[in-house]
Each structure stands twice: as C-alpha cells, then as structure tokens.
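The values are calculated or read from the model by the stated rules, or taken from the named source; none is laboratory data. Treat the numbers as computed from the prediction; the structure is a model and nothing was measured. Please note: Cβ atoms are built from the backbone with ideal geometry, for glycine as well, and neighbour counts cover all protein chains shown. Heavy atoms of the whole protein, side chains included, go into the accessibility calculation; ligands, DNA and RNA do not. Shrake-Rupley method; radii C 1.70, N 1.55, O 1.52, S 1.80 Å.
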Amino acid sequence: MGADDTVIRILATIRAIPRGEVAGYGEVARRAGLPGRARLVARLLSHNDDPSLPWHRVLRSDGRIALPEGSPGFLEQCQRLRAEGLRVENGRVIGAKARATFDEQVWGPPD
DNA sequence: TTAGTGACAATAG
DNA sequence: CCTATTGCCACTA
C-alpha cells in the first residue's frame, strides 16, 4: 500500500501543474512530499501510458527537456509546450520557470 | 551482493 | 554560458 500512495501523490502533483507553467522533476518530488526522489518521478513518466497526464510540463531543473533531442517524445513535448504559449528554444523552455511553490506564493519571485 | 543504468540535481571550474 | 564531477534513488543483470 505505501508504494502506491507515493505514485498517486506524484501523479496528482503533476496534474496540479497549471496549464502554461512547468516544473522540474525534483520540484515535483518535493511538492509530493518526496524530497530526493526526482529520478523516481522520471521513471514514472518513462513508464506512464495515461494520455490525460500533462507529462510535457515536467522538465529538468535547468528548464531543458529531459528526452533525447530529436526523439519523437522530444518533438511531441516541444509541440505541446508551445501549444500552451511557452517559448521553447533549442530544447529549453525560456521564461515561465517552475513557480507556484509555497515560498514564492508568499514571498514573491526571487530577483 | 556488486555493477551498471536512467525522461535527475547540485556544485565547481 | 558551457562541460565535468559527484551524489542520489530505484531497478536490473
């Protein structure tokens, strides 16, 4: 029972990413209450088959797309992100970093 | 049990 | 800005 809950929390966290925004793997793990489990999030997405999951909003911490450049998934992710109004340049999302953490909602974005 | 691998992250240079 | 190194967790051979 425990392992399934962590999976559910991670999936719920990914679903909670608003349209037009993105979040890093580590960020998703932290929000799900699982600090240090970024690679678990990655593994889940790599095995995921649910089309309703907004997997394209999950990026590396530096804003780069995690999939191999030029792969079908990479192209699909670029397309979906741009369809949400995000600017993707050389496999990287510009502006629109992973905001909406609790601290940033309280203190505002860091300068 | 150990070694290798992966849709990762943080740090140093 | 970049690459390289190290740490990390979960899985597999």
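As a length-normalised measure over Cα pairs under 8 Å and 6 or more apart, the relative contact order of the stretch A:2-107 settles at 28 percent. For the pair A:ARG60 and A:ARG39, label points projected 7 Å from Cα toward Cβ lie 1.5 nm apart. Here the Karplus curve 6.51 cos²θ - 1.76 cosθ + 1.60, taken at θ = phi - 60°, turns the phi angles of the stretch A:18-35 into couplings of x, 4, x, 10, 9, 8, x, 4, x, 5, 4, 4, 4, 4, 7, x, 10, x Hz, with x standing for Gly and Pro. Remark: the A:PHE74-A:ASP5 segment gains 22.0 nm on full extension, using 0.36 nm per residue and subtracting the alpha carbon distance.
Rg/Rh, computed from the Cα trace of the stretch A:2-107 with Rh as the Kirkwood radius, has the value 0.94. Available extension along the chain between A:SER46 and A:ARG15 is 9.6 nm, counting 0.36 nm per residue and deducting the alpha carbon span. Within the accessible surface of the stretch A:2-107, defined with a 1.4 Å probe on protein heavy atoms only, the carbon and sulfur portion equals 52 percent.
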